[in-house]
1. Quick one: length gained pulling Glu367 to Asp392 fully straight, 0.36 nm per residue minus the C-alpha distance?
2. Report the one residue of Thr365, Phe299, Ser338 whose Cα lies farthest in the direction of the positive end of the charge dipole of region 288-377 (charges on C-beta: Lys and Arg +1, Asp and Glu -1; origin at the Cα centre).
3. Please report the antiparallel percentage of the DSSP beta bridges confined to the chain, to the nearest 5.
4. Roll a 1.4 angstrom probe over the protein heavy atoms and tell me the percent of accessible area of region 156-284 that is carbon or sulfur.
5. Grab the beta carbon distance between Arg495 and Arg319, set R0 = 30 Å, and tell me the FRET efficiency rounded to 0.05.
6. What do you get for the angle between helix 71-90 and the principal long axis of the chain? Use alpha-carbon atoms, 0 to 90 degrees, nearest ten.
7. Enter the accessible area per residue of region 38-139 (Å², integer; probe 1.4 Å; all protein chains in place).
8. For region 133-192, how many pairs of lysine residues have a Cα-Cα distance under 20 Å, where the two are 8 or more positions apart or belong to different chains?
Amino acid sequence: MSRPWPHPKTGVFWFRRRVPKDLLALVGRREEKASLATKDVGEAKRRHAAHAAQVEARWANLRAGVRRLNLLEVNAIAGEVYDDLIAKFQVGRFSPVYNLATTGIIERFVEDTGSTNREAFLRLYGPEIDGHLARKGLVVDPETRGSLEYAIAKAILQANTQSLKYLDGDFSPDPMAGRFPKMPAKPVTVALPLDEWFSKYAEASKLSASTRKRWRPALATLEASVGHDDLARVTPDNIADWVDALATDGRADKTIRDVYLASAKALFGWMLGKRKIAANPCAGLRVKVVEGPVLRERFFTEAEITTILAASLASQRGRLSAEHAAARRWVPWLCAYSGARVGEVTQLRREDIRFEGGVRFFRITPEAGTVKTKRFRDVPIHPHLIEMGFLDYVDTRSKELFFDKARGRGGSDANPLSKKVGERLAAWVRKLGITDVGVDPNHGWRHSFKTRGRQGGMRDSVLDAIQGHAPDTEGRKYGGFTVRVMASEMELFPRYTLAHTDREAEVPV
């Protein structure tokens, strides 16, 4: 309302104003409401105008986001704290004993702003400083918070000194009160360029190259939607409009949720934690994903398994490199007997194939490439793989097992050669006739491994450890399984048997 509102029961006038949509998340309520404490119309109008000015100033500060205060602004805020204290002290709302007792603590902080003195000062006045900033809608950059605390400490000392004069009946003006400047009417905002802050976030969060490659273009569409690259000026309405536009452009709900909105939520959430913004504009926004009908299991059928594994044993015709022919030969079998992600297998190096304590195993490690959990794990090699000659093949390699960096074309940190090998294998499996979109041509092995392992009597906890799945309870996160225990359990895993044939099968290239 633009005028005082009389309460229907008491007749006391109130200030009421609806909070703008872009500030709802920051203000935390839909309406600003406060009693004007008068029934007089003229006085109510004066107080209403004054309160409206305060509210507008607070909203402007909230819109500005995190502020990096200059020297004038720091001392202006200190002056406001001083004025608040003087107003209370002049009417006797203070304890002389408390003021004297705390003066020494404040003086030590002013002389030395080290952590011990700062903690002692903030125990006394931290909540009061936070409350003052909150009433003004100010979120202060950590880099200037220290300067602000120092200036406020000096202002409190000055007010405490003045309070002693009031005890003696001396209410003459403080000759030093004029040293405090007035706060500028228009807040100065700090721009937060998207490129700069996404790079900082990616480095701090150790984002993989592939995630950076996918997220940065997604965030570029946000930049295009709002018409600028300043993250400090992005509002919840901007995010909502952006998401609506993505859907209108035909992007799938799952992609919007898991790529576009996920990248923005992560970036803004990190910036909120660093106190660079006042609130995450993505907070509370949800994208509903309606799952389609499930028409089959996500693991391979026995017929599909036979088709893929038989084709891997056949002669690979066509102009294939030795490494890619080996990938067709061994990667499906390694995935089938480990449930590993295809990328974890295609990036294996000779040094990752190990023998310790009488157990043959391969190590999936972030040193070799991308691992979703960013944690190494050891996977026992099934005896059938050894019988088929996998270790003999390993002996022929000097570094990577399924690609050659010297001869590989393309490839980058964001799109490594190992990933390209997996993509070519997926295309090959589709050419074999495994065309049902209900099962992934590579990831289907992860579902099949767990299904087949359970059929053989393997424990779910061991299957989880082999595949790198997180334990389902906090207690099971303690400890783990040695590779010897996993190898012993792996003996329960049923072998894949194929009808033997001496002729070379024709397979798609």
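1. The span from Glu367 to Asp392 would gain 6.6 nm if fully extended.
2. Thr365
3. So the antiparallel bridges amount to about 90 percent of the total.
4. Roughly 54 percent, rounded to a whole number.
5. Between Arg495 and Arg319 the formula returns 0.35.
6. 50
7. Accessible area per residue, region 38-139: 52 Å².
8. Taking region 133-192 as the scope, the lysine pair count is 4.
The values are calculated or read from the model by the stated rules, or taken from the named source; none is laboratory data. Since this is a predicted model, take the numbers as computed values, not measurements. A quick note on method: Cβ atoms are made from the backbone with ideal geometry, for glycine too, and the neighbour counts reach across all protein chains shown. In case anyone asks, the SASA skips ligands and DNA or RNA and just uses the protein heavy atoms, side chains included. Shrake-Rupley method; radii C 1.70, N 1.55, O 1.52, S 1.80 Å.
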